[in-house]
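This report refers to the structure that appears directly beneath it.
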Amino acid sequence: MNEIHGKAKRGIKMLMGRQVLLQVTGLFTGIILARKLSPAEFGLFAIATFLVQLFAFFGDFGLAGSFIQRESEPTDYERSIAFTLQQILTVIIVILLWITAPWLASFYPKAPPETAWLIRALAIGLYLSSWRTMSALQLERHLRYTELAIIEVVENLTYQGLAVGLALTGYGVWSFVWATLAKSVLGALGTYFASPWKVNFAYEAKIAKAILRYGVPFQIQAILNQVSAWVTPVIVGPLIGPAAVGYLGWASAQGRRPLILVDNVMRVAYPHFARIQSDRKEVIRILLRYITYLLLPMGLWFSLIVVAAPSAVTWIYTDKWNPAVAALMLYAAALVVDLFQWTTGVTLNAIGDVSFTTKIVLIRGILSFAFALPLLHFIGYNGVPLGYVAASALTAPFLVHRLGSGTIRRTIASIAWTAVPVPVAILLGRLSLLVPVNIVLKTFVSAAVVCGAYAMTAWMIAPSDVREVIMQWLQRILRSKPAVTLPPSAISEPAQV
């Protein structure tokens with residue numbers, strides 16, 4: 001058990017280090033692209049990506065979830081069967097995308113004619129990415145996140161560099177596409193060399209059914225988990241156009257940016273919980289630790305967005321992105337419910353309760369559409385994030401309660417103190433905006449006040465065990481040598497630049 005906990009901690013450290021590096025580079029990349037490209041170009045790429053990913057979801061069968069969650073080690077023969085199934089489905093999906101691309105593009109009358117070719121180009125990237133799956137799931141199953149972190153640093157820095165370079169030379173929305181294809185090639189090659197396996201084609205009905213038995217419900221849940229995000233391309237795109245999709249996509253990516261941190265932690269948490277699933281008390285104890293420490297950056301980010309975003313967006317991203325500020329704040333407000341949905345959902349999946357999580361995710365998706373439709377009519381595209389917040393807030397408690405009687409009460413008791421620093425930081429940050437300085441200084445001063453007030457308040461009211469852990473982290477950072485702490489890290493997916 002201690003060895004598993006140790007691997008999980010090392011995995012989180014590597015992914016967090018990787019994330020710090022790429023968040024810094026991704027921030028500058030995002031600013032350059034947002035200043036160079038229009039909201040409509042962002043929206044057009046989001047629409048094409050959505051259509052390809054929609055097909056991709058139905059072409060996957062939860063292979064990674066199936067192989068990572070199981071207690072026994074997959075054999076080479078089982079991997080070959082899974083690879084064969086995956087390749088058959090992926091090839092069918094790519095062919096369908098190429099044939100139906102013009103028809104799919106016609107659902108968006110305000111999109112330009114090139115939309116069909118954007119879909120076809122991204123379909124090629126989908127096929128390239130399928131070759132990384134077998135090696136990547138082996139690395140994740142054995143908590144080998146050092147290799148994954150390095151690979152993701154390389155592929156994402158390549159993506160960022162190409163996207164910026166091509167955008168500056170006038171490639172427009174195609175900057176995203178070529179950068180995505182290059183990233184797919186590097187990811188497939190990198191993961192294979194990190195965890196090589198004998199590529200083979202095989203099939204046996206009994207084994208295939210066993211793989212699909214867990215994988216298909218897991219993948220259905222993954223599809224349903226995206227339903228809430230589909231409101232924007234499915235409803236807003238056809239009714240309002242690519243520009244509105246661009247505003248909402250940008251606001252979601254920036255407002256929910258701390259979820260990249262959650263994503264990295266949950267990548268480790270899933271195999272972590274799967275390895276200790278027989279000890280339910282230990283699972284809940286570890287889950288509460290995850291939630292507590294993840295809530296702190298969520299609260300700080302929300303406070304910063306509420307106070308500093310209006311001025312920061314104007315001078316960093318230019319006035320053309322000001323219409324997205326309200327949606328930015330709403331998506332930042334959704335961080336807390338997003339965190340509970342994600343962490344508890346991953347935990348339930350890891351201990352084998354996939355069906356219940358799938359039902360809750362389905363209900364959340366239905367509610368997101370049900371709330372968004374009337375809100376979109378009355379208040380415009382800002383109704384989409386508002387409906388999403390409402391749907392998530394209504395369904396998250398059911399996931400927590402599923403972990404056991406009294407889990408909600410125990411969770412509230414453990415994390416209630418994390419809510420206090422938020423209003424304190426927002427109040428003091430708002431007061432700092434009254435200082436008569438230019439917009440640049442106003443942004444920096446208000447952000448500094450928010451960070452200082454949030455940190456001081458959190459430190460004063462935090463439980464002693466939390467302060468002790470934070471002190472240990474700080475001591476390790478101060479004692480570490482730069483030569484051995486250079487972090488590998490990831491992401492800056494198209495939707496997040």
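Worth pointing out:
- Residue count, segment 433-451 (criterion: surrounded by fewer than 19 Cβ atoms within 10 Å (Cβ to Cβ), touching a residue at least 24 places away in the same chain (Cβ under 8 Å) and either in a helix (DSSP H, G or I) or not aliphatic (A, V, I, L, M) (or both)): 3
- Residue list for segment 137-150, restricted to those being of a type outside the set (Ser, Thr, Tyr) and either touching a Phe, Trp or Tyr at 6+ places or on another chain (Cβ under 6 Å) or surrounded by fewer than 22 Cβ atoms within 10 Å (Cβ to Cβ) (or both): LEU137, GLN138, LEU139, GLU140, ARG141, HIS142, ARG144, GLU147, ILE150
- The set of residues in segment 419-439 being under 30 Å from the mean Cα position of the chain (by Cα) and more than 18 Å from MET298 (Cβ to Cβ) consists of LEU427, ARG430.
- There is no residue in segment 151-166 that is surrounded by fewer than 22 Cβ atoms within 10 Å (Cβ to Cβ), assigned to a loop (DSSP other than H, G, I, E, B) and free of Cβ contacts under 8 Å to residues at least 12 places away in the same chain.
- Residue check: VAL52 meets all listed conditions (1) modelled with pLDDT of 75 or more; (2) surrounded by fewer than 23 Cβ atoms within 10 Å (Cβ to Cβ) but one, namely (2).
- Of everything listed in (1) crowded, with 17+ Cβ neighbours inside 10 Å; (2) within 26 Å of ILE260 (Cβ to Cβ), the single unmet condition for ALA105 is (2).
- Of the residues screened, PHE193 is not one that is part of a loop (DSSP other than H, G, I, E, B), surrounded by fewer than 20 Cβ atoms within 10 Å (Cβ to Cβ), at pLDDT 80 or above and of a type outside the set (Ser, Thr, Tyr).
- Boolean, PHE273 is in contact (Cβ under 8 Å) with a residue 60 or more places away in the chain and closer than 18 Å to ALA390 by Cα: no
- The residue of segment 274-327 that is surrounded by the fewest Cβ atoms within 10 Å (Cβ to Cβ), among those that are of a type in the set (S, T, N, Q) and over 23 Å from the mean Cα position of the chain (by Cα), is SER278.
- Condition met for TRP174 (aromatic (Phe, Trp, Tyr), surrounded by 17 or more Cβ atoms within 10 Å (Cβ to Cβ) and at pLDDT 85 or above): yes
- Criterion applied to PRO242, PRO271 was being closer than 28 Å to SER80 by Cβ, crowded, with 19+ Cβ neighbours inside 10 Å and in contact with a Lys or Arg (Cβ under 7 Å, 6 or more places away or on another chain), and the one residue passing it is PRO271.
- Applying the criterion of being aromatic (Phe, Trp, Tyr) and at pLDDT below 90 to the residues of segment 371-387, the residue that is nearest to the chain's Cα centre (by Cα) is TYR381.
- Filter pass, SER184 being within 21 Å of the chain's Cα centre (by Cα), part of a helix (DSSP H, G or I), modelled with pLDDT of 85 or more and of a type in the set (S, T, N, Q): yes
- Among (1) farther than 23 Å from GLY246 by Cβ; (2) in contact with a Gly (Cβ under 9 Å, 6 or more places away or on another chain); (3) surrounded by fewer than 22 Cβ atoms within 10 Å (Cβ to Cβ), the one test that LEU399 misses: (3)
The values are calculated or read from the model by the stated rules, or taken from the named source; none is laboratory data. From a predicted model like this one, the values you see are computed outputs, not experimental measurements. Glycine also receives a Cβ, built like all others from the backbone with ideal geometry; neighbour counts cover every protein chain displayed.
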